[in-house]
Amino acid sequence: MVAFLLMFEMWPFLIMLDQSVHALSYTQPTMNGQFVGLNNYRKLVFDSDFFHSVGLTLLFMLVALTIEFVLALGFSVLLSYHLRLKRIVLSLLLIPMILAPIVVGLTARLNLNPDFGLIGILLRKWGLSHSGVLADGTSAFLTIVAVDIWQWMPFLVMIFVAAIISMPREPFEAAEVEGANRWQIFRHITFPLLQPIIIVGFLLRLTDSFKIFDQIFIMTGGGPGASTELATIFAYKVNFVSWNLGYGSAVVAVLFLISFILTFVLLKLMTRFTRGAVA
């Protein structure tokens with residue numbers, strides 16, 4: 001069974017690696033199947049568009065995940081003090097998370113339309129955006145960040161609230177008896193106990209945000225210009241717009257390597273942190 005699963009997972013990856021060292025292009029059919037070695041990877045090293053997309057992806061992850069975790073921590077602590085509201089609030093927060101990413105992207109695009117979208121009309125009425133927030137590079141990038149936060153912050157809130165509720169109550173009761181305020185309790189008790197869950201949540205969101213595609217493809221298609229062309233959008237355009245499958249396979253292979261390195265480093269840090277906490 002394990003061997004079958006490994007073969008099932010690795011077979012497409014091995015095919016992709018094989019394609020990355022061949023010339024495969026629907027626009028140049030005479031070269032199809034020609035072995036080119038590492039030429040596709042050499043081309044990648046000098047491709048400024050690729051590095052732009054990777055840098056934009058890392059910036060997206062940094063901004064989105066930072067805001068998501070700060071807001072999620074705040075909401076989680078507030079809900080832990082108001083348990084009566086917990087079920088109602090969590091039910092409302094669950095709505096964007098259960099929606100398909102393509103539905104989220106389409107909903108955001110329609111609502112942000114300056115001619116008939118509710119948010120777009122309000123922004124135009126207030127003089128904040130006349131041509132629509134998706135028509136400007138900076139505002140379009142901030143918009144895809146905001147949509148990602150809206151959809152996935154509830155996931156972090158749910159796991160943080162579950163972790164806080166399951167914490168032993170003795171340290172909190174002792175701190176209250178000693179006269180500690182809520183900030184002191186959060187800083188010295190809640191946050192340290194929550195750190196392993198925070199790291200797990202960060203790992204899950206890191207790998208998920210690196211492969212974001214649906215929302216951006218529906219909302220902006222990577223534009224205007226290349227202002228929202230994250231790495232996944234770049235890979236899509238190379239493979240299915242330019243139809244350069246050999247070079248596109250090399251792009252995907254390098255993106256997989258970057259994702260693997262990020263995950264590996266974070267796992268090592270998590271292991272080191274866990275050992276330090278136990279010691």
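Here are the numbers:
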{"read-out": "Lysine-lysine proximity count for the chain, Cα under 26 Å, sequence distance 8 or more or distinct chains", "value": "4"}
{"read-out": "Cα long-axis angle, helix 191-210 against the chain (0 to 90 degrees, to the nearest 10)", "value": "20 degrees"}
{"read-out": "Nearest-ten-degree value, helix 2-20 long axis tilted from longest Cα axis of the chain", "value": "50 degrees"}
{"read-out": "Full-stretch length increase - Lys211, Ile102 - with 0.36 nm per residue and alpha-carbon distance subtracted", "value": "37.9 nm"}
{"read-out": "Additional length obtainable on full extension of the chain from Gln34 to Leu203, 0.36 nm per residue less Cα span", "value": "56.9 nm"}
{"read-out": "Euclidean distance of C-alpha centroids, the range 172-191 and the range 8-51, integer Å", "value": "57 Å"}
{"read-out": "Ala162-Ile261 pseudo-label distance in nm [points 7 Å out on the Cα-to-Cβ vector]", "value": "3.3 nm"}
{"read-out": "Cut-off 20 Å (backbone N to label point 7 Å along Cα→Cβ of Ala135), residues of the range 205-229", "value": "218-229"}
{"read-out": "5 angstrom amide H check on Ser129, placed H, neighbours 5+ away", "value": "Arg124"}
{"read-out": "Under DSSP loop assignment and at most 11 Cβ neighbours within 10 Å, longest chymotrypsin sites (Phe, Trp or Tyr not before Pro)-free interval of the chain", "value": "127-279"}
{"read-out": "The range 196-279, relative contact order [Cα under 8 Å, separation at least 6], %", "value": "28 percent"}
{"read-out": "Semi-axis lengths, Å, the range 40-278, gyration tensor of Cα atoms, sqrt of 5 times eigenvalues", "value": "37, 26, 13"}
{"read-out": "Long-range HN-HN contacts of His22 with modeled amide H, under 5 Å", "value": "Val36"}
{"read-out": "Pairs of Cα atoms farther than 18 Å apart, the range 112-187, %", "value": "62 percent"}
{"read-out": "Gain in span if fully extended, Arg169 to Leu110, counting 0.36 nm per residue against the direct Cα distance", "value": "16.6 nm"}
{"read-out": "Cα→Cβ-extended label distance, 7 Å offset, between Phe4 and Phe51, nm", "value": "4.7 nm"}
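Each reported figure results from applying straightforward, stated rules to the coordinates on display, with no laboratory input. Quick caveat, the model's predicted, so the values are computed rather than measured. Cβ: placed from backbone, ideal geometry, glycine included. Neighbour counts: every protein chain shown.
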